[in-house]
Each structure stands twice: as structure tokens, then as C-alpha cells.
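Since the structure comes first, as C-alpha cells, the remarks are kept for the end.
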Amino acid sequence: MLVQPLTIGELWAVATTLRIVLIENLRRSAKLIVSRWFEREQADLVADRLLGVKDRTPDPAALRPYERLSLSNGFLVQLVQRLRELDPDAIPAVGWLGKHLAQKGTNSDELVRREHQLQGAANVTVRNIITSMRLISDVDWATLFEFVSPVDEVLRTNGVFADLDFATRNLYRDAVEQLAQL
């Protein structure tokens, strides 16, 4: 495999590329978090109907529209947590939920553990992305660029280049880049 140093343009693009990648990862994490939140909200609505919460009459058929659907783990975990201590004889949905989980090859404790593990991982990911964005903002990219640029390394061999101000050094780099494209 041939390894080549980054071009001047590629070196300047590193900071922007890192930010774009981090923002994309943040977008994906946020989408997952919002999706799971929506699933929990849906499960809460079903549980409220089943239990007759908020001055409603208990509706044992509240789960019926969901019986043939492929239910997400977020939905199931919230429903498990809301119905956990209830009697399956009094609320048939509790028994249905246990059977549904058994058909999926799991149980309520395992499902809750996995979901909490995923939520924790999502929180850590978001925290790491935000920390990385802060660290990227703290980097002096001009200094780093000049330190890793092979063009700057060659130009610094002439004692005068290092004494020039950044804008002038940048003009030299641009001239070298234009010459390299000829």
C-alpha cells in the first residue's frame, strides 16, 4: 500500500472533516434517542389505557392493535416497567407480554438490562462527541498544519520562511500548490 502525505488542501480540510463526522454521529445518536423516546411514549399511552389512568376506564383491548406488530425493545421495556408488579389474572396484557417476550427468546429482566445498556452507550457516545467537538475547537489548527505540512518542512529549511508572518507563509504555500498543479 502506497502512503502519501496529505496535500495542503487535505491538511486544511482535516478540522472541517472531523467536525462533519462528529456532527453526523451526533445526528444518528439523536435520531436513535428520539426514536426510543417516541417508542416509550407510545407504550405509556397503551399502559395508561390498560390501567385506566387519568380518569379513563381500563381498556383490556388497548394492546390488541399491537399484537401482530413487531414491537421495538424500547416499547416493550416501557410496557414491562409500567406493568411489572401487576397480576396477570387481573390484567391479561401482563400475561400476553410475558408470552411475547418468551417467543422472542428473552424475559423482562434481560430486555430491560439490554435496553438500559443501549441507553447508557448512547449517552456516553453523545458525551464523547460533545467533548471531541470542544477539543477540536481548542486546537490551534494553523500551528498544527504548519507542524505536519511537508511543504512547510521544506520551506523552513530556508531560514527566512520561519520568520515570515502566517499570511505571508500561506501565500508561499499557495504558490507552491499552484506550481505543483502545472
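Summary of computed values
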quantity: Exposure ranking of 12, 37 by accessible area [1.4 Å probe, largest first]; calculated: 37, 12
quantity: Share of carbon and sulfur in the accessible heavy-atom surface of the chain [1.4 Å probe, %]; calculated: 58 percent
quantity: Computed [θ] at 222 nm, helices only, for the chain once each DSSP H run of length n ≥ 4 contributes -39500 (n - 2.57); calculated: -24000 deg cm²/dmol
quantity: Expected-Rg normalisation [2.2 N^0.38 Å, Cα atoms] applied to the chain; calculated: 1.81
quantity: Per-residue SASA entry for residue 36, accessible area with 1.4 Å probe, Å² rounded to 10; calculated: 40 Å²
quantity: Ratio Rg/Rh [Cα only; Rh per Kirkwood] for segment 140-182; calculated: 0.95
quantity: Total charge dipole magnitude, the chain, about the Cα centre, Cβ charges on Lys, Arg, Asp, Glu only, Debye to nearest 20; calculated: 820 debye
quantity: Inter-centroid distance (Cα atoms) of segment 129-158 relative to segment 10-83, Å; calculated: 41 Å
quantity: Accessible area (Å², per residue) of the chain, counting only protein heavy atoms and a probe of 1.4 Å; calculated: 68 Å²
quantity: Positive-end extreme of charge dipole, the chain - chosen from 74, 51, 161 (charges on Cβ); calculated: 51
quantity: In Å², nearest 10: area of residue 108 left accessible to a 1.4 Å probe; calculated: 40 Å²
quantity: Segment 1-63, relative contact order in percent, only Cα pairs under 8 angstrom and at least six apart counted; calculated: 15 percent
quantity: 3J(HN,Hα) from dihedral phi, segment 137-151, Karplus parametrisation 6.51/-1.76/1.60, rounded to Hz, x for glycine, proline; calculated: 5, 7, 6, 8, 5, 5, 5, 4, 4, 5, 6, 9, 6, x, 5
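The values are calculated or read from the model by the stated rules, or taken from the named source; none is laboratory data. As the structure is a prediction and not an experimental result, all values here were calculated from the model. Counting neighbours? That spans all protein chains shown, and the Cβs are built from the backbone with ideal geometry, glycine included. Quick note on the areas: whole protein, heavy atoms, side chains included, nothing else; ligands and nucleic acids left out. Shrake-Rupley method; radii C 1.70, N 1.55, O 1.52, S 1.80 Å.
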